[in-house]
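One structure is given below, encoded as structure tokens.
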């Protein structure tokens, strides 16, 4: 209290001026219609400006939540794309409009760690076994190939991305339909290579590379990259350099792909392998 009184005593002239100025302005605006209307107009502009800035700040602070909601919605929408449904065979004579069954589902996940400057890079996401994530599931971002789940814990998963010397993925040249394998040999995180495409295949810069659909990890026709250079080594295949569609420097959210019928396919293929082994002593 003593400090407050000392402060008032020190600045009483300024405080008295402010009080008298406030009283004068109140009397002016109350008794003069022109000044009152001008004050209301300019004060409304000021309040609107403040509300506008507050709204922008609020939107900025909510970007993380908005991005998460968009990632979830994208995963849901992608799960319902026609390309993720297999058409049933109607040769039996039964006809119905619903002769399709869903093959792939997508789950959204946030990237919480990523490396791009190593020989064997990795990505960590915030989804694990508790959210239905399993090893060997494919991972994409905005419809572009990212990698494959390599290890899983209860709440986290590690992705082996294209930017890993151990990664190999089945791809297809969209223009010609020829198949190849995408690999990464280090260096630029934006550039990968497609190998085992025959030299008789016409490949030009600008051609599109997509997933083949023969992999157990990804559906067909997902973006992989765009051809930037074609080399001709001394063998029967092109060496194709592509610019990857996924920007690994800016990864924020990804979608994890689960093949609903993968276990069934693996089981029948394993049986076939065993039977062929038994028939070929």
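Since every read-out is calculated from the coordinates, none of them should be taken as a lab result. Everything numeric in this text was worked out from a predicted model, so none of it was measured. A quick note on method: Cβ atoms are made from the backbone with ideal geometry, for glycine too, and the neighbour counts reach across all protein chains shown.
Here is how the numbers come out for the structure above:
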{"quantity": "Span from the region 202-281 Cα centroid across to the region 168-187 one, whole angstrom", "calculated": "7 Å"}
{"quantity": "Cβ-derived FRET efficiency at R0 35 Å, residue 275 paired with residue 247, nearest 0.05", "calculated": "0.15"}
{"quantity": "Distance histogram for region 214-263 (every C-alpha pair counted, 10 angstrom bins, percent rounded to whole numbers)", "calculated": "18, 33, 33, 15, 1"}
{"quantity": "Most to least packed among 209-215, 14-20 [average Cβ atoms within 10 Å]", "calculated": "209-215, 14-20"}
{"quantity": "Calculated FRET efficiency for the pair residue 136/residue 200, C-beta based, R₀ 22 Å, to 0.05", "calculated": "0.05"}
{"quantity": "Gained length - residue 235 relative to residue 175, 0.36 nm times residue gap less alpha-carbon distance", "calculated": "19.4 nm"}
